[in-house]
1. When the Karplus curve 6.51 cos²θ - 1.76 cosθ + 1.60 is applied with θ = phi - 60°, which whole-Hz ³J(HN,Hα) does each residue of segment 54-62 get, with x for Gly and Pro?
2. Which of Tyr85, Tyr72 comes first, and how do the rest follow, when ranked by fewest Cβ neighbours within 10 Å?
3. Taking 8 Å as the Cα distance limit and 6 or more residues as the minimum spacing, I'd like the relative contact order of segment 47-111 as a percentage.
4. Which ³J(HN,Hα) values in Hz, rounded to whole numbers, follow from the phi angles of segment 76-92 under the Karplus curve 6.51 cos²θ - 1.76 cosθ + 1.60, where θ = phi - 60° and Gly and Pro get x?
5. Can you sort Asp95, Asp100, Asp84 by how many other beta carbons sit within 10 Å, fewest first?
6. Name the long-range amide H neighbours of Trp42: under 5 Å, sequence gap of 5 or more, or other chain; modelled H, no Pro or chain starts.
Amino acid sequence: MAVSSLRRNQRKHVKDRVCTRSTVLQRLTVRRRGIVVRDVKWEGITPESSARICNHMNKDHMDAIDSYVKNYGELAKMTSLTPDYIDVTIRIPFDRTLTDVSEARAALKDLIK
């Protein structure tokens, strides 16, 4: 759920809804009349979440990364050269700006053709 829609929802029912969140890994608890209606984990895109996602993809989903290279290789640029190797970077734009890690997961799946 996007932050903007959360704020919009919070404004609609201020009398009967209480929302609480912690800082980095935010846990959104939506209550109506004291009853938990929704308990959702929300985590923004941070350097820490980005590193965790990249490590996970490199460890467990090399097939997806290979698909990105095959399908978006024309966007690749060589970024460095050493006597032992070259570094190549591919910057693949998303259709829209991502706001949390759940959107990142969906966007990464959508890039696989």
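1. Per-residue couplings from phi come out as 4, 4, 5, 5, 5, 7, 10, 9, 4 Hz.
2. Details: Tyr85 8, Tyr72 15.
Fewest to most other Cβ atoms nearby, the residues stand as Tyr85, Tyr72.
3. After rounding, I find 21 percent.
4. 6, 9, 7, 10, 7, 9, 10, x, 9, 6, 10, 9, 10, 10, 10, 9, 10
5. Ordered from fewest to most neighbouring Cβ atoms within 10 Å, Asp95, Asp100, Asp84 come out as Asp84, Asp95, Asp100.
6. The answer is Gln26, Arg27, Leu28.
Computed from the coordinates by the stated procedures, all read-outs in this text should not be read as laboratory data. Fair warning: this is a prediction, and the values are worked out from it, not measured in the lab. In this analysis, Cβ positions are derived from the backbone assuming ideal geometry, glycine residues included, and neighbour counts consider all displayed protein chains.
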